[in-house]
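Report on the following structure.
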Amino acid sequence: MKKSSKDKRDIYYRLAKEEGWRARSAFKLLHLDQQFHIFEGVTRAVDLCAAPGSWSQVLVKKLRSHSNSDVSKVKIVAVDLQAMAPLPGLIQIVGDITKKETAQAIIREFKDDTAQLVVCDGAPDVTGLHDIDEFVQAQLLLAALNITTHVLAPGGTFVAKIFRGKDVTLLMSQLELFFSCVNIAKPRSSRSTSIEAFVVCQNYKPLPDYKPTMYNPLLNLLYDDHDEIVEGANKLVSPFLASGDLQPFDSLRNQTVKVTAIFSYC
Amino acid sequence: MDFTTFTAAFETDYGIGGCIHIFEAHSAKFITKEEVFEGQRVHNVFADNNQNLAIIGGKMVRIFKLKREDTFILSPCAAWTTEDWIQYLHWLDCGNLAIVTAHNVVSVWNSRTGEKEKDIFCEVKCILYCALLNGSSWGELLVFAGTVFQQILVWAPSLENDTLNSPVLHTLKGHDGVIFSVSYDPEFQLICSTSDDRSVRLWSVDFQLCDGSNRVTQWKEAKITLLHTMYGHAARVWRNIIIDNVIISVGEDSRLCIWSVDGSLQKCWKTHQGASVWSVDCSKEKNLIVTGGADGGISLWPLHTYSTVPHLLTFHGNLFGEDCTTAEGQNQNFPRRIGLTSKGNIITVTDSGCLLYCTVLGSEEGNWRLVHQDKKLASYCLLEMSPCRQSVALASMDGYILVFKEDCSSVEGGGLILDVEEKAVAGRIFALHWLSSDIFLSCGSGGVLEMWKLGFAHQLQKVNEFELPKSKEQWTSAAAVKGNFLVCGDRNGSIHLFKIGSNKTHSMQCPSQSFYKIHGRLGVSSLIWHGDYLYSTGRDGTLRQYLLRESEGRFECLNADKLQMDWPATTNLSSSFGLLVLGFRSVNLVMWDHMERRTLLTIPCGGGHRSWDWTLEGHMFRFIYLKDKMVHLYTCVMDELVKPVLQSGFHSKQISCIQQVPLLRADASSSYRLLITASEDTTVRLSVVSHSNALHTIAVLQSHISSVRAIAVCQLDDGALVFSGGGRAQLKVWKLVIQEAQGLVVPQVKCQELYSHMLRDPTKGHKKPWLSVERTVDPETRYMDLCAAAVQTGTTVLLVAGCSDGFLRIFGFCALCSELRLFGKYSFHERCILKVSLIKTESFRHVALTMATDGKVAFWDLTTCVEELICSKHRNSCHTASADKSDNTPVVRGSFKPFSFVKIHQSGINSFDWIQLPGDKYLLATGGDDRALVLSLIEIVTPNVHEEMRAEVVLQWRDDHAHASQITGLKIGDSVLVSTAVDQRITLWNWNCHPVSQSLAAAVKARYYSAVADIQGLLTWKSGSFITACVHGKGLEVVTIQLDQGS
């Protein structure tokens, strides 16, 4: 519905169409994996806010193709409010990520086991008012984190979309309470003009006394003293890593290129 | 009290930001401005009945008391921050405040102390996009919450149970998207909601209990039903108001719609330059609506208007002359042409050749009189009113011209008197144009133009004769005269200039200058002088401005503006309304306010293919037109329909670039700065920033066909050259001539478009691209950055452009012949180039810097390019005419590579600045996507004139976490550095560099939190001990930083 002069059909859009991904965002997860190896040894993964399902496609393709793993052990659960087109090897749950029942349904699917990887590419419909959009995106991330604390095994990985707006350092500090390694990365398939980036949280390590709950209004208590966190002497170190090696094109580039399969997937 | 509390309600973006502005409603005068929040936009303003204002923005609340002393003063009372995003605030009778926050929680606060008294949660927990509170006390308070799950929840916080959870009374389902606004009208018991699904929905509340029971109980038992679903917006609908039996809604499609409660659309305006309308408020007493748009503009609109229906003036053809009814019984005596006289009377000429004069009596009545009847005028007759509207000229099929004068002896006009009747032209008269009150121009067959003067003794005197150039439809459609020059526009869209010579020779004069097809193929519709400028409109939907150089005897087309109508018909300049354009948009007549860029009036008259006339005298607007063979008259008082603009809008989309235009008197005493901004909304704006950091737009240049991303400015002796480039690989060259006068607050700027250049990929010209064997990926290139430098004072300019296809393109611009030539394109990065710059070394060699998404800075030696540029200029001046098309083909030399490069960042370099230090050393500051700020001391070594140059990094300092997100703006000055990033911080650094002791370092000195989202860049200037920083992105903010205290 939004009018825009930006060219939406960049090279990754075309590559996605050519390679059969449901959306160009599939490349973002692939690029994040190239950098952080988030799929290594993972057999149980959850995709939150999955529709239209491009990240689920990546999970299915990558996890089921590990050379040394047994395909029958691989379980991938996709959660969204709306149903999406089915994918072979993907279990779909139609549910609200702020509900405890959804978390329980995920655990049930893993046969009372927890997940090793949770990914979330959800974003609100942006209104154009940046401060509201950033707030709602932060709430979505925190809701995703909240359900993640219910289903993620210690040592697990959480990947989610984050808007690098004015309160990004606050969000980072919140995530660092749960993970020992938190990085923000911007895959080259993400437009450099957007404020979108991805937070890759590795080694889930909840505080000993932390009990996952759906009742708290999404970690709101932490919001009080954000000026201190941002302006204080100990600025949070969250190394920014340009994801992936520098391959011959990026999303802003629109040169005349003959399209060949530059990325090869097994 | 005669002020308005509804200003700044949810104002966003440009200039409003964290400030509140107060205007007087009836005079539209700006009263005061107060900064409320730092780094947070004001989202809404709520007033109680005692002049208390509560202002909310994000999680912050501030309370002010509005006092009236000499003028209005805002005195601060309390301020606090909540834990959650505030969606709505409501004053309770006891002076406390109730607040709804985004997690569906209502809290009560003491408005004096800012202490929280209680929190009540709703049993349904979800994110709210909007909320409304209604009820004067806590016990009666009702919450209407619009959720992200497409529902409206109605609940009462006073029904809380033990767990602090309050039950939902009603859930309204029906919307197919996020709810953006809810309003409730207690009088008519209506709820109105707007949503992402583009609809406005109206719900009626039917209270089942009408006894004296508690209000909340009444609501609990009430039945809420959906009354109407209203579609009229073309995009998301942001806000609505129910007032005085109408519903007002505003949305992303920049429309302001007024609906009646029966669900029908009453009125619709398009406003705010196509940007979202974020806020709306209304005052029934003042009959005013106020809107705030994403372009930063604030406009007033009338709530109710009267007398807006055109009247049909009864007309009976058989009353006049002989009976013209045909055998089929059809009346042939219908009006053909129509005009308005100076007394407001109507003249028509009918198909049977009757000239009628009508005095308008009442709303639907006219007193028709037959003035003249002539068979010559039957079936074909032109009717043209003189500029003073006291004379009317009729022209016939066989060359007769009749001029009548209105009898002005009485107030209402006494009739028409025949002044001249003469067979002036052999054959048909194709067009007739009045040039002044006694001179007109006729156009006969074969393009013969004759200029006539109304002489004495009822005779026409031929003054001059001209000839139009040969064309398909060889007649004029508009003409104007100034001094010794006649300008004619013809039916083929061309404009011709004739010099009026002595009339003794009687020879036909040919045009001395022509602009061929300047207005497309459908013709020029008007040519009117306003002051020193000539304005033309054409059927191609553009308005053009020209300047006549009388001494040189030629015209200059200054610029062209695309209007939002397909048939602009005429222009008008008045002191009260500025430049107005009247024209047709499909079946409507529209009146377009060119200064404020908005449509003032829309009249469904049926379109432009009819006879019509109009007058605007003071505030009285009259418009007559023929429709269905009848005379329609529309009159209105402009005051009633057109309300002033409180604040003019700025760019309607993201501002992508800003540059300062050097003033000729470039001294510090100059009280203003001239800025030029480019935006995604495809416009380039020239603005003046005064001492008080107020911004005033003086010109809008809008001929780019896509977003404008980059601007380069180059000073000339008599003005400045501006290069603008952006999407669709379009480059434009503009010349600004700035006239500064003593005591003038705003300089006069003459702005002329000199050249427009587009890269055309050879494959693009292919008519059938699908036949091409090679599959290509979209070749549309964008110019990401531009930099210009004069290589020969005042005549030749070197322009380098960084392009999205990874090429560095080099252009040469010759100021004498106004021509831009592409010299070559060179690739190194193989990735999108983000920034380019030009350095002139101590040995006078030109070095280009390119920075791309690979984090590298590359150095290019442009010496040979510059030499070629200067040579080619000489060549061009030798054979002036030989600058043919083949000259424009680029010289691609694939071997040309940068002489050095350094990788500084992990990924894209978004911002840079450099200063020159002695010894060909340059201190380069770069800021990247990776949040790092890097200072590099670079030495450029030039061994010999034609030997390879080298660039070496001597020293480097970096802060890898200088900002929380990508750094998009950097400016380096003497020992200070200003940086800004998407995290909305502006940081002031101090740097020091000692090449001898090998030390280079920088430290943070101060930080400011800007309200501009998605900051794209920075511009700074220093005056005394102050640095003024101007950040741009989704808006523009000007901040003054004091260097000593660093505040």
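The values are calculated or read from the model by the stated rules, or taken from the named source; none is laboratory data. Note that this is a predicted model, so its numbers are computed, not measured. Positions of Cβ are generated from backbone atoms using ideal geometry, with glycine treated the same way; all protein chains shown enter the neighbour counts.
It is to be established whether one or more residues within region B:246-256 are within 13 Å of chain A (Cβ to nearest Cβ), of a type in the set (Asp, Glu) and not in a strand (DSSP E or B). Among the residues of region B:246-256, at least one is within 13 Å of chain A (Cβ to nearest Cβ), of a type in the set (Asp, Glu) and not in a strand (DSSP E or B), which makes the answer yes.
Scanning region B:455-509 for residues that are at positive phi and at pLDDT below 85 gives B:457, B:458, B:506. Looking only at region B:905-912, decide whether some residue is modelled with pLDDT under 85 and within 14 Å of chain A (Cβ to nearest Cβ). Yes, because at least one residue in region B:905-912 is modelled with pLDDT under 85 and within 14 Å of chain A (Cβ to nearest Cβ). For first residues located in region B:173-202 and closer than 19 Å to residue B:278 by Cβ, partners that are assigned to a loop (DSSP other than H, G, I, E, B) and of a type in the set (Gly, Ala, Ser) and lie 6+ apart or on another chain with Cβ distances below 6 Å form the pairs B:195/B:177; B:196/B:177; B:197/B:177. For region B:532-552, the set of residues classified as of a type in the set (S, T, N, Q) and under 15 Å from residue B:494 (Cα atoms) consists of B:536, B:537, B:542, B:545, listed by residue number.
Among the conditions (1) in contact with an Asp or Glu (Cβ under 8 Å, 6 or more places away or on another chain); (2) farther than 22 Å from residue B:298 by Cα; (3) within 14 Å of another protein chain (Cβ to nearest Cβ), residue B:276 misses just one, which is (2).
Quick check on residue B:522: is it over 22 Å from residue B:634 (Cα atoms) and assigned to a loop (DSSP other than H, G, I, E, B)? Yes, satisfied.
Sort through B:1025, B:1010 and tell me the only one that's of a type in the set (Ser, Thr, Tyr) and surrounded by fewer than 16 Cβ atoms within 10 Å (Cβ to Cβ).
Working: B:1010 fails: surrounded by fewer than 16 Cβ atoms within 10 Å (Cβ to Cβ).
Result of the check over B:1025, B:1010: B:1025.
Within region A:10-33, does at least one residue satisfy the condition of being out of contact with any strand residue (DSSP E or B) (no Cβ under 7 Å at 6 or more places or on another chain), in a loop (DSSP other than H, G, I, E, B), within 14 Å of another protein chain (Cβ to nearest Cβ) and modelled with pLDDT under 80? Yes, that holds for at least one residue.
Reported count of residues in region B:519-534, each being without any contact (Cβ under 8 Å) to a residue 40 or more places away in the chain and closer than 20 Å to residue B:564 by Cβ, is 3.
Does residue B:318 satisfy being of a type outside the set (Lys, Arg) and at pLDDT 70 or above? Full working, then the answer.
Values: of a type outside the set (Lys, Arg): yes; at pLDDT 70 or above: no.
In short, no.
Any residue at all in region B:130-139 that's modelled with pLDDT of 90 or more, within 14 Å of chain A (Cβ to nearest Cβ) and under 24 Å from residue A:135 (Cα atoms)? Yes: region B:130-139 contains one or more residues that are modelled with pLDDT of 90 or more, within 14 Å of chain A (Cβ to nearest Cβ) and under 24 Å from residue A:135 (Cα atoms). The sole residue among A:119, A:79, A:94 that is away from every other protein chain (no Cβ under 12 Å), of a type in the set (A, V, I, L, M, F, W, C) and surrounded by fewer than 20 Cβ atoms within 10 Å (Cβ to Cβ) is A:94. Residue pairs whose Cβ atoms lie under 7 Å apart, sitting 6 or more positions apart in sequence or on different chains, and linking a residue in region B:554-574 that is under 8 Å from residue B:541 (Cβ atoms) and crowded, with 19+ Cβ neighbours inside 10 Å to a partner that is among the small types (Gly, Ala, Ser) and at pLDDT below 90, are B:567/B:608.
It is to be established whether one or more residues within region B:202-209 are surrounded by fewer than 21 Cβ atoms within 10 Å (Cβ to Cβ), touching a Lys or Arg at 6+ places or on another chain (Cβ under 7 Å) and not in a helix (DSSP H, G or I). Checking region B:202-209: at least one residue is surrounded by fewer than 21 Cβ atoms within 10 Å (Cβ to Cβ), touching a Lys or Arg at 6+ places or on another chain (Cβ under 7 Å) and not in a helix (DSSP H, G or I).
Remark: pairs (first residue in region B:969-998, farther than 20 Å from residue B:785 by Cβ; second residue charged (D, E, K, R) and surrounded by fewer than 24 Cβ atoms within 10 Å (Cβ to Cβ); Cβ separation under 6 Å; 6+ apart in sequence or on different chains) = B:985/B:1007; B:987/B:1007; B:988/B:1005; B:990/B:1005.
Within the bounds of region B:177-196, is there any residue that is buried (at least 20 other Cβ atoms within 10 Å of the Cβ) and acidic (Asp, Glu)? Within region B:177-196, one or more residues are buried (at least 20 other Cβ atoms within 10 Å of the Cβ) and acidic (Asp, Glu).
Output the residues belonging to region B:964-1011 that are part of a loop (DSSP other than H, G, I, E, B) and more than 11 Å from chain A (Cβ to nearest Cβ).
Taking region B:964-1011 first, the residues part of a loop (DSSP other than H, G, I, E, B) are B:964-966, B:973-975, B:982-984, B:995-998, B:1010-1011.
Across region B:964-1011, the qualifying residues are B:973, B:974, B:975, B:995, B:996, B:997, B:998.
Checking B:447, B:455 one by one, the residue that is out of contact with any Lys or Arg (no Cβ under 6 Å at 6 or more places or on another chain) and free of Cβ contacts under 8 Å to residues at least 12 places away in the same chain is B:455 and no other. Here residue B:571 qualifies as touching a His at 6+ places or on another chain (Cβ under 8 Å) and within 27 Å of residue B:753 (Cβ to Cβ). Checked against (1) in contact (Cβ under 8 Å) with a residue 60 or more places away in the chain; (2) touching a Phe, Trp or Tyr at 6+ places or on another chain (Cβ under 7 Å); (3) assigned to a strand (DSSP E or B), residue B:282 passes all but a single condition, namely (2). The set of residues in region B:801-824 that are small (Gly, Ala, Ser), more than 31 Å from the chain's Cα centre (by Cα) and within 14 Å of chain A (Cβ to nearest Cβ) contains only B:806. In this structure, is residue A:156 more than 10 Å from chain B (Cβ to nearest Cβ), outside any helix (DSSP H, G or I) and either under 17 Å from residue B:965 (Cα atoms) or more than 11 Å from the chain's Cα centre (by Cα) (or both)? Considered against the rule, which asks whether it is more than 10 Å from chain B (Cβ to nearest Cβ), outside any helix (DSSP H, G or I) and either under 17 Å from residue B:965 (Cα atoms) or more than 11 Å from the chain's Cα centre (by Cα) (or both), residue A:156 comes out as yes. The set of residues in region B:921-964 that are among the hydrophobic types (A, V, I, L, M, F, W, C), out of contact with any helix residue (DSSP H, G or I) (no Cβ under 9 Å at 6 or more places or on another chain) and surrounded by 19 or more Cβ atoms within 10 Å (Cβ to Cβ) comprises B:923, B:924, B:925, B:932, B:933, B:934, B:935, B:937, B:938, B:940, B:951, B:962.
This table checks each residue for (1) modelled with pLDDT under 90; (2) within 28 Å of residue B:531 (Cβ to Cβ).
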site	(1), (2)
B:561	yes, yes
B:567	no, yes
B:594	yes, yes
B:601	yes, yes
B:631	yes, no
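The set of residues from region B:767-820 being farther than 29 Å from residue B:843 by Cβ, of a type in the set (Phe, Trp, Tyr) and at pLDDT 85 or above comprises just one member, B:783. Inspection of region B:844-864 finds a residue satisfying the criterion of being crowded, with 21+ Cβ neighbours inside 10 Å, part of a loop (DSSP other than H, G, I, E, B) and among the hydrophobic types (A, V, I, L, M, F, W, C). In region B:550-570, the condition of being among the polar types (S, T, N, Q), in a loop (DSSP other than H, G, I, E, B) and under 30 Å from residue B:637 (Cβ atoms) is met by at least one residue.
If you scan region B:566-608, which residues turn out to be among the charged types (D, E, K, R) and either within 26 Å of residue B:298 (Cβ to Cβ) or in contact with a helix residue (DSSP H, G or I) (Cβ under 7 Å, 6 or more places away or on another chain) (or both)? Step through it out loud before you land on a result.
Quick first cut of region B:566-608, residues among the charged types (D, E, K, R) only: B:566, B:585, B:593, B:596-598.
Hits for region B:566-608 are B:585, B:593, B:596, B:597, B:598.
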